[in-house]
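The values are calculated or read from the model by the stated rules, or taken from the named source; none is laboratory data. This one's a predicted model, so the numbers in the text were calculated from it and none came from an experiment. Cβ coordinates were reconstructed from backbone atoms using ideal geometry, including for glycine residues, and neighbour counts include every protein chain displayed.
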Protein chains: 2
Amino acid sequence: MGAYEDLMAFQRDTEALAQVAGRLSWDQETMMPRGAADQRSDERAAMEAVLHQRRTDPRIGEWLAAIAEDQLDPIAKAQLRHIRRSHERAVRVPESLASELARLISRAHVIWAEARADDDFNAFAPVLKEVIALRQQEGAALAAGGDVYDALLDDYEPGAKAADLKAMFGALRPRLVALREAVLSQPQPKGLDGTFDETGQMKLARMLARTFGYDLKRGRVDKAVHPFSSGSGDDVRITTRTMPLEPFNCFYSTIHEVGHACYEQNINPAYRLTPLGGGVSMGVHESQSRIYENQLGRSRAFTGWLYRQMRDTFGDFGIKDEDGFYAAVNSVRNGYIRTEADELQYNLHVLLRFDLERALISGDLLVDDLEAAWNDRFEADFGFAVDTPSNGVLQDVHWSAGLFGYFPTYSLGNVYAGCLYKALTTAVPDLDAQLVKGDTRAATSWLRDNLQQYGGLYTPRAVIEKASGGAPTEGPLLDYLEEKFSALYGV
Amino acid sequence: MGAYEDLMAFQRDTEALAQVAGRLSWDQETMMPRGAADQRSDERAAMEAVLHQRRTDPRIGEWLAAIAEDQLDPIAKAQLRHIRRSHERAVRVPESLASELARLISRAHVIWAEARADDDFNAFAPVLKEVIALRQQEGAALAAGGDVYDALLDDYEPGAKAADLKAMFGALRPRLVALREAVLSQPQPKGLDGTFDETGQMKLARMLARTFGYDLKRGRVDKAVHPFSSGSGDDVRITTRTMPLEPFNCFYSTIHEVGHACYEQNINPAYRLTPLGGGVSMGVHESQSRIYENQLGRSRAFTGWLYRQMRDTFGDFGIKDEDGFYAAVNSVRNGYIRTEADELQYNLHVLLRFDLERALISGDLLVDDLEAAWNDRFEADFGFAVDTPSNGVLQDVHWSAGLFGYFPTYSLGNVYAGCLYKALTTAVPDLDAQLVKGDTRAATSWLRDNLQQYGGLYTPRAVIEKASGGAPTEGPLLDYLEEKFSALYGV
């Protein structure tokens, strides 16, 4: 075998082991006996050590050096691009720093959870300072002279630059703030009455999963505290949750995770267990979950179909027609919590975090000033004050886990979804006539053929440009939101 | 750190990775989407490669050489005994042979399953010859001049010798054949009427699991086609199955797997993720599953309690009293299949396989003559002829998987269970008075304190001797079976 074949065989085992490690996390959230937590930490640490060792294996550098890259086809070149990038990033971070970070993050998570339960930011601040200090070190090692925050961002969105995102989000914010204000000056639509039993919710959730093209022969749906999607290739599992009073939470969480899962399932099977065999970035991943959930799932057309399904399953729940149901699905209300936010306000939550975390990493904002900065910004954008830290700066797990650079990919994904939806409605002019029958096939196969199938073949930005026909901008998302919510709320 | 600490840290990760690999098997039998089979093969192969590499890692030899063993305590010495044995065995088998065997066994399994479905031994014979040839090679490499079959047996029952087992089983066979003949000349007890719903069976199965001391905080019960137990330490999972007409299959499979699982759960927690942290051999493991299932679970006393539970759950099922129920639980009938055999006949099935597989490995029996040899021996012991290969030589998966040396551990486990039960009834004279109330605690804590807690601290034979108070012999098992079935059948 040549160097390329040797490298790919080695990489294939690494990818397979990464799938095993991912399934261990799935098991932990769904199946693991609660008494097994300590043992599981040891098992996960052992798997991570194996993966780290493989990613930093010096043979990778030797193989890369021995390959005559100009003689390879574009697919092989794309494989090497991923492997080189992952290897370079892995070797830049000293082993001692990586393991110190892993230990710190374990500890920080526990402290954060307690601080949130006690509503006490000061209890979390000291360990957050440690996390930021180590991530700054790691970012500096990765950046090799470049921008530290960009180096962290690159883990989640390869090639993205904070300056570009800042410009894009800067254009998003004022129009969202204005739209939010206008909408919230109007009366609220009527909500759902009654309770919705778990059996009915899970039955409908599975039906929604199939309706959006999730292949249950290569996946499964379980319950978990926080919904997620897990795995690549032929074993992509999702979770959802049920609450008796909030069936929309179950249904739209399910559609969201199905968007992530279908992206993974629809990648060219020839890429399985290679670097091309997974979603290309968090932002592109989120574009799929959000377009499934929002532009498709919360559309007037699709909610018409969903209304009839819910009536069949649950009987009368106090909403008299499809228009009323569409309004209930898309109601906009004041709230503190990002994960519970509606489509209109969601990005304002993210933009706040993006600005604060860049300032934390650059050192312009100190942890001691973070809570006040959060609360000021929140009131500026949302028009009311944060009441307690658990509804404010302590609400998200990300910073305790060291995930600086992750938040902006949520909004970038929404921007991407806006661009893709515009291209999709041009390509499929009668989309609504299909969605109203619960038929998503034209939409989901357009996404599969124009984006999902490529996996990691192109860069994140390139695949979005290829599918949407131009450079991604915030315009289509804003136009879509303004049109939708102006009509819904008569503003 | 010293060499011992370095070695144990390395070994701890290996043990953790072995737990992960084991859980992957559990997932495959219980949760895996059926479309994920091919990908899962790659994932398992990658895990096996990691484990093999660690077990043959040359640093193990260097650490072992650097340790001043005479200064260690008995527990540390026992750890080294296991590590040295595992390392020596792993390095004796050339990597090429190990991977050739792994590939062959994958293929052989598929061919065996098809041959069994087609009832055609000739379709299986060619690949069985290949499996035997490679296992002979592997056995020769492991034996290093010693007996080849003993070397294979040692994988499942460290320290056991075929010659000793042959003598033991030779004493077992004639008395079992005679008892079987006498019992089967008598009229059969009445069986169960009606059907038994899955919900009721699973509810009772979980109750039985708890009754025998299985800790569900550190385990879980799922359904699978073939019941099994999986894992060590704080994550030991079992599976069972339900069939509408055969609730005893569910209940006694559950108790059997609970015996295996409790052994793992009851090992001294200080041994977790070390070589001492798992059951010491297949034979000792089987002694636990069988004493839970048979000597305890099928006793007159315990079945009296179970009868009342079944009546509460299922109502009248045509058995009028506890004596009739005890007879139904312990009915002895003609049958071809080992896994469905009663307590009396089970070992005759095993002894047949033990004699045939030793002859296959030594070369005294050729695969071309195997079917006839099986059928002759079966008729000699069971008094009637095998009708088709799927009821005969093709019924078990073991040989297709290369598991030569595994079968005898089943009967050795039964012999051990006989010795342990004799010691238990001496130590707990009022055992039956407790079992009749569904209270197994005196029995299960005696087993935990005298055997299970030690894990791999002593050799298999030593731990049985320590618990039962003498060298293991077939006498107590035979006495128990003859007494029980003579009384039941009036012979």
When A:Ala401 is run through (1) touching a Phe, Trp or Tyr at 6+ places or on another chain (Cβ under 7 Å); (2) hydrophobic (A, V, I, L, M, F, W, C); (3) surrounded by fewer than 19 Cβ atoms within 10 Å (Cβ to Cβ), the failure sits at (1)
Just wondering, is there one or more residues in region B:59-79 that are within 14 Å of chain A (Cβ to nearest Cβ) and out of contact with any Gly (no Cβ under 8 Å at 6 or more places or on another chain)? yes
Per the filter on region B:439-462, residues crowded, with 24+ Cβ neighbours inside 10 Å, farther than 20 Å from B:Ala209 by Cα and not small (Gly, Ala, Ser) are B:Pro460
Of B:Leu365, B:Leu356, B:Leu352, which residue is over 15 Å from the mean Cα position of the chain (by Cα) and outside any helix (DSSP H, G or I)? B:Leu365
Does B:Thr303 satisfy the condition of being over 26 Å from B:Leu179 (Cβ atoms) and part of a helix (DSSP H, G or I)? no
Tell me yes or no: at least one residue of region A:124-133 is in the same structural domain as A:Gln345 (by the TED database) and closer than 30 Å to A:Arg333 by Cβ. no
Going through B:Ala163, B:Ala125 one at a time, which residue ends up being small (Gly, Ala, Ser) and in contact (Cβ under 8 Å) with a residue 40 or more places away in the chain? B:Ala125
Pick from region A:3-26 the residues that are free of Cβ contacts under 8 Å to residues at least 40 places away in the same chain and more than 7 Å from chain B (Cβ to nearest Cβ): which of them is farthest from B:Thr274 (Cα to Cα)? A:Glu5
Output the number of the condition that B:Gly490 fails; it satisfies all remaining conditions of (1) touching a residue at least 60 places away in the same chain (Cβ under 8 Å); (2) on the phi < 0 side of the Ramachandran plot; (3) among the small types (Gly, Ala, Ser). (2)
Only one of B:Gly191, B:Gly200 is small (Gly, Ala, Ser), touching a residue at least 24 places away in the same chain (Cβ under 8 Å) and assigned to a loop (DSSP other than H, G, I, E, B). Can you tell me which? B:Gly191
Name the single residue that is nearest to the other protein chains (Cβ to nearest Cβ) among those in region B:204-241 being within 29 Å of B:Thr274 (Cβ to Cβ) and without any contact (Cβ under 8 Å) to a residue 24 or more places away in the chain. B:Lys217
Condition first: farther than 27 Å from A:Ala327 by Cβ, buried (at least 23 other Cβ atoms within 10 Å of the Cβ) and under 19 Å from the mean Cα position of the chain (by Cα). Can you find one or more residues in region A:202-212 that meet it? no
Within region A:27-44, residues facing chain B (nearest Cβ under 9 Å), under 24 Å from the mean Cα position of the chain (by Cα) and at pLDDT below 95 come out as A:Arg44
Does A:Arg103 satisfy the criteria of being part of a helix (DSSP H, G or I), more than 10 Å from chain B (Cβ to nearest Cβ), loosely packed, with under 14 Cβ neighbours inside 10 Å and not hydroxyl-bearing (Ser, Thr, Tyr)? yes
Among (1) in contact with a Lys or Arg (Cβ under 9 Å, 6 or more places away or on another chain); (2) of a type outside the set (Lys, Arg); (3) crowded, with 18+ Cβ neighbours inside 10 Å, the one test that A:Glu293 misses: (1)
Can you tell me which condition A:Glu482 does not meet? The list is (1) part of a helix (DSSP H, G or I); (2) surrounded by 20 or more Cβ atoms within 10 Å (Cβ to Cβ); (3) not hydroxyl-bearing (Ser, Thr, Tyr), and all the others hold. (2)
What number of residues within region B:463-479 are crowded, with 18+ Cβ neighbours inside 10 Å and under 20 Å from B:Leu296 (Cα atoms)? 8
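Find the residue count for region B:242-274, including only residues that are within 14 Å of chain A (Cβ to nearest Cβ) and in contact with a Phe, Trp or Tyr (Cβ under 6 Å, 6 or more places away or on another chain).
1
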Test: A:Asp321 is of a type outside the set (Phe, Trp, Tyr), free of Cβ contacts under 8 Å to residues at least 60 places away in the same chain and surrounded by fewer than 19 Cβ atoms within 10 Å (Cβ to Cβ): yes
Quick check on A:Gly170: is it modelled with pLDDT of 95 or more, away from every other protein chain (no Cβ under 14 Å), over 19 Å from the mean Cα position of the chain (by Cα) and crowded, with 22+ Cβ neighbours inside 10 Å? no
Quickly run through region A:141-165 and pick out the residues that are in a helix (DSSP H, G or I) and exposed (fewer than 15 other Cβ atoms within 10 Å of the Cβ). A:Ala163, A:Asp164
Filter region B:128-145 down to the residues that are among the hydrophobic types (A, V, I, L, M, F, W, C) and free of Cβ contacts under 8 Å to residues at least 12 places away in the same chain and list them by number. B:Ala133, B:Ala140, B:Ala143
